[in-house]
1. Kindly indicate whether residue 137 is outside the structural domain of residue 45 (by TED's automatic domain parsing) and out of contact with any strand residue (DSSP E or B) (no Cβ under 7 Å at 6 or more places or on another chain).
2. Could you list, in sequence order, the residues of the stretch 125-145 that are without any contact (Cβ under 8 Å) to a residue 40 or more places away in the chain and aliphatic (A, V, I, L, M)?
3. Residue 71 - would you say it is assigned to a strand (DSSP E or B) and over 24 Å from the mean Cα position of the chain (by Cα)?
4. From the list 148, 169, 94, 110, which residue is more than 30 Å from residue 67 (Cβ to Cβ), of a type in the set (Gly, Ala, Ser), modelled with pLDDT of 90 or more and not in a helix (DSSP H, G or I)?
5. Please go through (1) under 30 Å from residue 34 (Cα atoms); (2) modelled with pLDDT under 90 for residue 117 and return the number of the only condition it doesn't satisfy.
6. Checking the conditions here, which among 56, 37 is touching a Pro at 6+ places or on another chain (Cβ under 6 Å) and within 17 Å of residue 115 (Cα to Cα)?
7. Out of 63, 124, 88, report the one residue that is hydrophobic (A, V, I, L, M, F, W, C), farther than 30 Å from residue 25 by Cβ and surrounded by 11 or more Cβ atoms within 10 Å (Cβ to Cβ).
8. For residues that are surrounded by fewer than 15 Cβ atoms within 10 Å (Cβ to Cβ) and either assigned to a strand (DSSP E or B) or aliphatic (A, V, I, L, M) (or both), tally how many sit in the stretch 131-144.
Amino acid sequence: MFALAALPLLSFVGAAIDFSRAASARTAMQAALDASALMLSKDAQTLSGDVLGQKADGDFRALFTRPEAYDIQVTPQFSQPAQGNFTLKITASAKVDTTFARLLGQSTIALSASTEVLWGIKKLNLALVLDNTGSMQQNAKMTNLKTAAHNLLTTLKNAAKSPGDVKVAIVPFATDVNVGTSNANAYWVDWTDWEAANGQSPKFQRRPQR
């Protein structure tokens, strides 16, 4: 009776080993797929369908190095669900041969995984308050500030898909900021510190603070 029961028992134990190997391969597949999608999303919107498929397949195979997996298929799908928003979905499939489970009639285990990357840009209003005081003349601070500001503006310009997506205001930072006489009575101007420092009220009527 033990001999008769040993064969199916060993088959089930062996099948568990096969499925464990397949699960490990699928975990590696998912990780490679996620990394591939993130890398590809940087250029996906500028690539044709054929080039996108070739790069997706090449990136995935470079990361998914499991020799037991074969018949690998990688399918990318790029879409633009809304203006300025993009979606890249990649699915992958493969097969793994079994060693013990074939005794139970299953010679292969099919693997599949998918991942999706969403990105886009909405309207962005940005104010850059840039220090232009005397201390910026030391150690090339002003030069570095200009370089950093130009690089940021270039990045934002390239990210914008249509006019008006990105608006940038530049405010020079010094002891005082000139907001213009037309804004002297604006509710968002607080004269408290000015009055305390000068010991007098401004010549024009100040609006109540909100």
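1. In short, yes.
2. 136, 140, 142, 145
3. Working: assigned to a strand (DSSP E or B): yes; over 24 Å from the mean Cα position of the chain (by Cα): yes.
Here the answer is yes, as residue 71 does meet what is asked.
4. 169
5. With respect to (1) under 30 Å from residue 34 (Cα atoms); (2) modelled with pLDDT under 90, residue 117 is out only on (2).
6. None of the others qualify; the one that does is 56.
7. Every option except 124 fails the conditions.
8. Result for the stretch 131-144: 2.
The values are calculated or read from the model by the stated rules, or taken from the named source; none is laboratory data. None of these values were measured; they are calculated from a predicted model. We place every Cβ from the backbone using ideal geometry, glycine too, and count neighbours over all the protein chains shown.
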